[in-house]
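Read the structure below first, then the notes.
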Amino acid sequence: MAFIIDGKKISQEIKDELKEKVNEYKAKGIQITLAVIQVGGDPASGVYVGNKKKACEYIGIRSLAYELPEETTEDELLSLIEELNDREDVNGILVQLPLPEHIKEELIIQAISPAKDVDGFHPQNVGALSIGQKGFVSCTPSGVIQLLKRSGIEIEGKECVVIGRSNIVGKPMALLLLRENGTVTVCHSRTKNLKEVAGRADILVVALGRPKFINQDYIKEGAVVIDVGIHRDENNKLCGDVDFQDAVPKVSAITPVPGGVGPMTIAMLMHNCVESVRPVD
Ligand code: GUN
């Protein structure tokens with residue numbers, strides 16, 4: 001029987017631990033503040049930003065919401081970031097992606113002070129991760145590591161295959177699994193024999209961006225499968241990159257969608273906000 005990894009429960013545990021830490025800070029007169037910037041009215045981004053604010057409220061982190069119109073210029077956004085970088089009462093800055101087309105994401109990410117980059121997207125933090133130094137780590141892949149660890153799944157020495165090479169998930173995921181002493185392979189759209197490579201994995205992390213693409217033909221008997229995808233299927237129901245019903249008889253453990261990786265991203269964002277109180281060196 002497959003073990004269904006409960007991301008909702010694990011994320012709640014993490015949020016409760018963080019709430020306690022925040023209370024300890026509060027008792028010492030330390031208030032944590034996260035600035036969340038959204039440009040334009042993308043409905044999905046609106047939902048994500050709303051969930052981030054709710055999590056802040058639950059944990060006791062002050063959130064400052066900046067809802068800017070679609071026609072905001074790059075310069076206007078850059079000056080807001082500069083102002084927030086300079087504010088001593090702001091610990092974390094998050095710019096919700098995607099941004100409107102006329103704003104260069106790369107430029108905006110690089111403008112955020114690395115010490116306030118709670119998303120872990122700044123090249124300095126990405127570089128720190130790649131050479132094993134301290135820094136903020138991208139929330140979704142660090143959430144996957146927490147799911148594995150808190151479910152008692154060992155990473156050390158395991159064949160880990162990551163499908164997807166995005167800057168936000170695939171690449172940092174590979175680095176984190178390597179840091180945990182996994183043997184890591186990264187697959188992508190040009191990988192030949194994906195079934196064969198994925199089929200070697202003891203731990204298969206799927207961040208491919210295609211609904212229900214990975215079925216049991218890609219999975220080794222007894223593998224652990226982590227599904228980072230989130231889509232709406234033909235019946236408007238949420239589904240992942242993995243065909244859950246098809247995969248489940250073959251795996252030893254698997255994350256569902258919804259209720260797997262999704263809730264972990266916000267829990268790890270909250271973790272980074274709490275960490276932001278200490279200077280990242
Ligand atoms: N858009 C989708 N996921 C994320 C995320 O983790 N952080 C930000 N800033 N934007 C996103």
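Positive end of the charge dipole of the chain (Lys, Arg +1 and Asp, Glu -1 on Cβ, about the Cα centre): tell me which of Ser79, Val186, Ile219 has its Cα farthest that way. After comparing all options, I get Ile219. If you filter the range 12-107 for trypsin sites (Lys or Arg not before Pro), then keep DSSP loop positions with at most 14 other Cβ within 10 Å, what is left? In loop regions of the range 12-107 (DSSP not H, G, I, E or B), the sparsely surrounded trypsin sites (Lys or Arg not before Pro) are Lys28, Arg87, Lys104. Measuring between their Cα centroids, the range 34-86 and the range 241-281 lie 22 Å from each other. Reported value for the range 139-189: 60 Å³ per residue, from the convex hull of its C-alpha atoms. Keeping to pairs on different chains or 8 or more places apart, tell me how many lysine pairs in the range 189-281 have Cα atoms under 16 Å apart. Close lysine pairs found across the range 189-281: 6.
With the Cα gyration tensor of the range 1-67 giving a ≥ b ≥ c as the square roots of its eigenvalues, does the rule (a/c under 1.5 for rounded; else a/b larger than b/c for prolate; else oblate) give rounded, prolate or oblate? Cα axes put the range 1-67 in the oblate bin. For the chain, rounded, prolate or oblate, judged on the Cα gyration tensor with a ≥ b ≥ c (square roots of eigenvalues), a/c < 1.5 rounded, else prolate if a/b > b/c? Verdict is prolate for the chain. Just to confirm the number: angle between the C-alpha axis of helix 262-275 and the first principal axis of the chain, 0 to 90 degrees, nearest 10? For 262-275 against the chain, the angle is about 40 degrees. Starting from the Cα gyration tensor of the range 68-133, take the square roots of the eigenvalues, sort them a ≥ b ≥ c, and report rounded, prolate or oblate (rounded when a/c is under 1.5, otherwise prolate if a/b is larger than b/c, else oblate). In terms of gyration-tensor shape, oblate. By the count of neighbouring beta-carbon atoms within 10 Å, fewest first, Ser252, Ser63 end up ordered Ser252, Ser63.
Each Lys and Arg adds +1 at its Cβ and each Asp and Glu adds -1 at its Cβ; summed about the Cα centre, the chain shows a dipole of about 920 debye.
Between Ile254, Gln31, Leu64, the Cα set farthest toward the positive side of the dipole of the chain (charges on each charged residue's Cβ, about the Cα centre) is that of Ile254.
Coordinate-derived values only; no laboratory data. Since the model is a prediction, treat every value here as computed from it, not as a measurement. Neighbour counts are summed over all protein chains in view; Cβ atoms, including those assigned to glycine, are modelled from backbone coordinates with ideal geometry.
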